[in-house]
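A.B. asks: Provided herewith is a single structure, encoded as structure tokens, for subsequent inquiry.
The values are calculated or read from the model by the stated rules, or taken from the named source; none is laboratory data. As the structure is a prediction and not an experimental result, all values here were calculated from the model. Positions of Cβ are generated from backbone atoms using ideal geometry, with glycine treated the same way; all protein chains shown enter the neighbour counts. Surface areas here come from the heavy atoms of the whole protein model, side chains and all, with no ligands, DNA or RNA. Shrake-Rupley method; radii C 1.70, N 1.55, O 1.52, S 1.80 Å.
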Amino acid sequence: MEENFVTFFRKHNLTKGYTDNEINQFVSLLQEITYKAGEIILKEGQKNDSFYFLYDGELLVMKYDDVSDNYYLINSMKTGAQFGEMSVITGESTSAMVKAKTDCIVLVLSHKNAL
């Protein structure tokens with residue numbers, strides 16, 4: 001499967017300028033997580049310690065509105081999207097909720113592995 005991940009990163013221009021060896025090292029640090037449709041991947045306001053790459057599926061990015069006491073859609077993401085601003089480094093909380101619209105496979109690079 002790791003070879004497919006390398007192809008994925010090349011196809012979506014997520015590793016421009018990196019050698020095959022560097023990409024293979026990077027891919028070895030990733031964790032593959034499957035989410036079912038409707039599952040929350042990131043909660044608005046939480047500290048985030050990872051970068052996320054949508055390997056397969058579709059996501060919704062939603063923001064909470066105090067007035068209506070509900071979430072509203074601000075964006076959607078499809079296969080190849082990168083998300084998660086690793087807010088644990090900046091000290092800020094995650095700015096929006098990310099939720100699986102379809103069953104999704106997400107590749108995660110955690111802060112611990114990134115260093």
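A.B. asks: Please identify every one of the GluC sites (Glu not before Pro) in segment 17-46 that sits in a loop by DSSP and has no more than 16 other beta carbons within 10 Å of its own beta carbon.
C.D. replies: Sites meeting the loop and neighbour criteria: GLU39, GLU44.
A.B. asks: Over the alpha carbons of segment 3-115, what is the largest minus smallest coordinate on each principal axis, giving the biggest first in Å?
C.D. replies: 51, 30, 21
A.B. asks: What is the chain's relative contact order, in percent, from Cα pairs under 8 angstrom and six or more apart in sequence? Don't skip to the answer; put the middle values down first.
C.D. replies: Working: 233 pairs, mean separation 42.5, N = 115.
This gives 37 percent for the chain.
A.B. asks: Next question, about the same structure. Please give, to one decimal in nm, the separation of the simple spin-label points placed at TYR64 and THR19, each 7 Å out from Cα toward the Cβ.
C.D. replies: Each label point is offset 7 Å from its Cα along the Cβ direction, giving 4.7 nm.
A.B. asks: Before I look further, what does segment 64-111 give for accessible area per residue, probe 1.4 Å, in whole square angstrom? Kindly include the intermediate steps, with their values, before the conclusion.
C.D. replies: Details: 2700 Å² over 48 residues.
For segment 64-111, the per-residue accessible area is 56 Å².
A.B. asks: Give me D for segment 49-96 in µm² s⁻¹, whole number, from Stokes-Einstein with Rh from the Kirkwood sum over alpha-carbon pairs, 25 °C and 0.890 mPa s. All intermediate terms of the calculation are to be shown ahead of the outcome.
C.D. replies: Details: Rh = 12.1 Å.
Once the numbers are plugged in, D ends up at 203 µm²/s.
A.B. asks: Now, a different point. Assuming R0 = 22 Å, can you tell me the calculated FRET efficiency for the pair LEU73 and ALA37, based on Cβ-Cβ distance, to the nearest 0.05?
C.D. replies: On the way: r = 15 Å, r/R0 = 0.69.
E(calc), rounded to 0.05, equals 0.90.
A.B. asks: At 1.4 Å probe size, with the rest of the protein present, what percent of the exposed accessible area of the chain is carbon and sulfur atoms?
C.D. replies: Values: 3290 of 6950 Å².
With neighbouring chains kept in place, the figure for the chain is 47 percent.
A.B. asks: With a 1.4 Å probe and every protein chain left in place, work out the accessible area per residue of segment 6-61 in Å², rounded to a whole number.
C.D. replies: On the way: 3260 Å² over 56 residues.
On a per-residue basis, 58 Å².
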